[in-house]
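K.L.:
Got a structure for you, written out below as structure tokens; questions coming shortly.
Read-outs throughout are calculated quantities, based only on the coordinates presented, and are distinct from any laboratory measurement. Model, not experiment: these values are computed from the prediction. In this analysis, Cβ positions are derived from the backbone assuming ideal geometry, glycine residues included, and neighbour counts consider all displayed protein chains.
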Amino acid sequence: MTSSKVSFAEISPSEFFYRNRDLAGFTNPARALYMAVRELVENSLDACELAGITPDIYVRLIPETLSQEISDPRPYRLSVKDNGPGVEPQYVPSAFGKVFYGSKYVLRQSRGMFGLGGTMAILYGQITTNKPVRIMTSSDGKTLHYFEMLIDITENRPIVLKRETRKAGGRTGTRVEIVLEGDYLRASQKIADYFKQTALVASYANLVFLDPSGVVTFYSRATEEMPQPPKETLPHPHGIDVEALKRMIKLSDERDMKSFMVRNFHRVGERIALKFLEFAGLDPKTDPKKMTNQQIVSVVNALQSFPDFLQPDASCLSPVGEQILLAGIQKELQPEFATVVTRPPSSYSGFPFLVEVGIAYGGKVLQPGVKLYRFANRIPLLYDESSDVSFKVITEEIDWRRYHVPQDAPIAVITHVCSTKIPYKTVGKEYIADRPEIERELRNGLREALRKLGMYLSRKGSMEAVQRKMNIYSKYLPLIAQFAKELAEQKRVPRYRKLLGVQDEQVKEEEEKIVEEVSSDGKEVQSRIDEYS
């Protein structure tokens with residue numbers, strides 16, 4: 001018998017995603033091209049919004065070679081430029097050349113969650129074309145820092161091939177340029193949908209897209225108003241597990257549990273801290289660093305079951321806002337009727353979240369049927385719609401007939417979930433898990449918006465019924481007036497126009513003029529009045 005030895009090895013995060021790029025959504029050249037555009041644009045929008053700068057984003061996608069003999073999939077050069085605050089040069093290599101390095105690892109709403117997307121696009125470009133990424137950034141408007149880099153996949157670190165400084169000309173911002181294999185023929189519709197929906201939810205941004213055929217699409221901002229940037233916050237006690245508490249204790253300088261609770265948890269004051277410690281059976285003077293593992297486990301169990309912790313507040317969230325979202329809906333969908341509902345903040349597993357729901361009805365753009373637009377932290381979600389919690393709500397939990405909505409009516413439903421931690425089902429960030437708390441808020445928000453739509457449709461139906469009656473009256477009242485004149489043996493037809501609500505000033509003036517100018521011959525007066533009635 002021969003014995004075989006099992007060998008063990010460690011791989012870096014870069015190598016893991018090199019081997020498993022499907023997990024991040026880079027499954028094929030078409031989807032990878034869409035994902036690369038999305039991730040780089042999201043980084044630019046996040047940077048501008050956190051700095052309070054109205055975004056101007058320029059995206060250019062051109063074939064690496066102009067030969068007509070090469071068909072898709074083929075190499076494309078993707079360039080994304082913004083007018084944001086830029087990146088300090090000492091952070092550029094790691095920010096763009098290291099997986100799981102970035103500014104997303106704080107409790108604050110942002111489009112990105114893993115510090116992965118932009119770096120994954122760069123990594124995919126390197127895997128498929130072996131071309132370095134080019135980065136140009138300026139944070140002061142004076143000096144432009146230029147980098148050419150590759151990623152050391154084995155070590156998960158950047159390899160800087162070239163670094164230069166140039167004059168920035170007074171402009172701040174960042175430009176990222178990568179070469180990657182893509183299939184634009186298959187990805188074009190998704191990319192177009194992405195820009196259209198981004199313009200809907202970020203109606204304060206200017207978006208310019210130059211496609212491979214040379215066509216420029218410009219989405220101009222509809223409003224100068226921007227959402228309030230989110231603030232960093234502390235973790236909520238209900239969202240803490242054993243490992244998280246151990247890490248917090250290790251990083252804390254507090255020497256008693258009362259101070260530890262107050263300074264490390266969201267919305268925990270001294271009164272609630274003392275009440276909790278009594279609930280947990282722990283002395284407020286206990287040094288957290290001297291607690292045993294069993295004590296830590298007991299504290300975590302108490303944290304998750306203590307009923308008197310306050311709900312998380314929404315200061316760490318940045319909803320789009322009713323006016324901004326409504327401006328985007330009006331601009332992109334041009335509906336006959338639109339409304340937006342913002343639900344009060346809520347939480348799941350200790351993470352705060354907030355739901356916004358919009359309804360657009362009618363107009364020339366919308367097609368018959370219900371069209372769902374899904375957003376999470378202002379990211380358009382374009383894939384796997386049927387797996388999303390919003391799809392479940394509108395198809396399974398809403399009785400559309402209760403709101404007087406005609407069958408096959410042209411309706412768009414816009415759902416936006418913002419949270420410090422969106423419960424995506426995959427790393428690719430395409431659909432949201434059906435958490436009961438989020439499902440409840442979506443359902444209530446949609447019902448409230450549909451009630452407003454139902455009221456509008458009822459008023460519209462009443463007005464249409466009145467108009468139909470008026471059309472009938474306008475047809476028969478002249479005859480009735482003529483019959484009344486003959487029966488009363490009068491020379492003048494009764495003025496019936498006021499009964500129809502018609503204010504015909506021209507007819508009124510002409511009748512008065514006839515009476516003044518013409519002799520008292522009744523037949524002549526009546527004939528001219530009839531002519532204008």
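K.L.:
So what's the back-of-envelope 222 nm ellipticity for the chain, counting only DSSP H runs of four-plus at -39500 (n - 2.57) apiece and dividing by all residues, rounded to 500?
P.N.:
Calculated from helices alone, the mean residue ellipticity at 222 nm is -12500 deg cm²/dmol.
K.L.:
Simple spin-label model, 7 Å along Cα-to-Cβ: Thr54 to Thr154 in nm?
P.N.:
If labels sit at Thr54 and Thr154, their model points lie 5.1 nm apart.
K.L.:
Need one number: nm distance between label points at Ser252 and Arg451, each 7 Å from Cα along Cα→Cβ, rounded to one decimal.
P.N.:
4.3 nm
K.L.:
If packing is taken as the mean number of other Cβ atoms within 10 Å per residue, what is the order of 154-162, 172-180, highest first?
P.N.:
With the highest mean Cβ count within 10 Å placed first, the list reads 172-180, 154-162.
K.L.:
For labels at Glu486 and Asn206 in the simple 7 Å Cα→Cβ model, what's the distance in nm?
P.N.:
That separation, rounded to one decimal, is 7.1 nm.
K.L.:
Follow-up question, since we're still on this one. Using the beta-carbon distance between Ala433 and Lys167 and R0 = 60 Å, what value does 1/(1 + (r/R0)^6) give for FRET efficiency, to the nearest 0.05?
P.N.:
Between Ala433 and Lys167 the formula returns 0.80.
K.L.:
Suppose every K and R has +1 on its Cβ and every D and E has -1 on its Cβ; what is the size of the dipole of the chain about the Cα centre, in Debye to the nearest 20?
P.N.:
That gives a dipole near 1020 debye.
K.L.:
Once the Cβ-Cβ distance between Glu64 and Asp241 is put in as r, and R0 is 56 Å, what FRET efficiency do you end up with, to the nearest 0.05?
P.N.:
My answer for the efficiency is 0.75.
K.L.:
Of His238, Gln330, Leu303, which is farthest towards the positive pole of the chain's charge dipole, taken about the Cα centre with +1 and -1 on the beta-carbons of Lys, Arg and Asp, Glu respectively?
P.N.:
The residue sitting most towards the positive pole is Leu303.
K.L.:
What size of dipole, in debye to the nearest 20, comes out for region 237-305 about its Cα centre when the only charges are +1 on Lys and Arg C-beta atoms and -1 on Asp and Glu C-beta atoms?
P.N.:
120 debye
K.L.:
Need one number for the chain: average projected area of the convex hull over its C-alpha atoms, nm².
P.N.:
43.3 nm²
K.L.:
What is the dipole size for region 112-173, taken about its Cα centre, with +1 at each Lys and Arg Cβ and -1 at each Asp and Glu Cβ, in debye to the nearest 20?
P.N.:
The dipole magnitude comes to about 320 debye.
K.L.:
Here's a follow-up. Highest mean first, how do 385-395, 352-362, 275-285, 477-487 rank when packing is the count of other Cβ atoms within 10 Å averaged over residues?
P.N.:
352-362, 385-395, 275-285, 477-487
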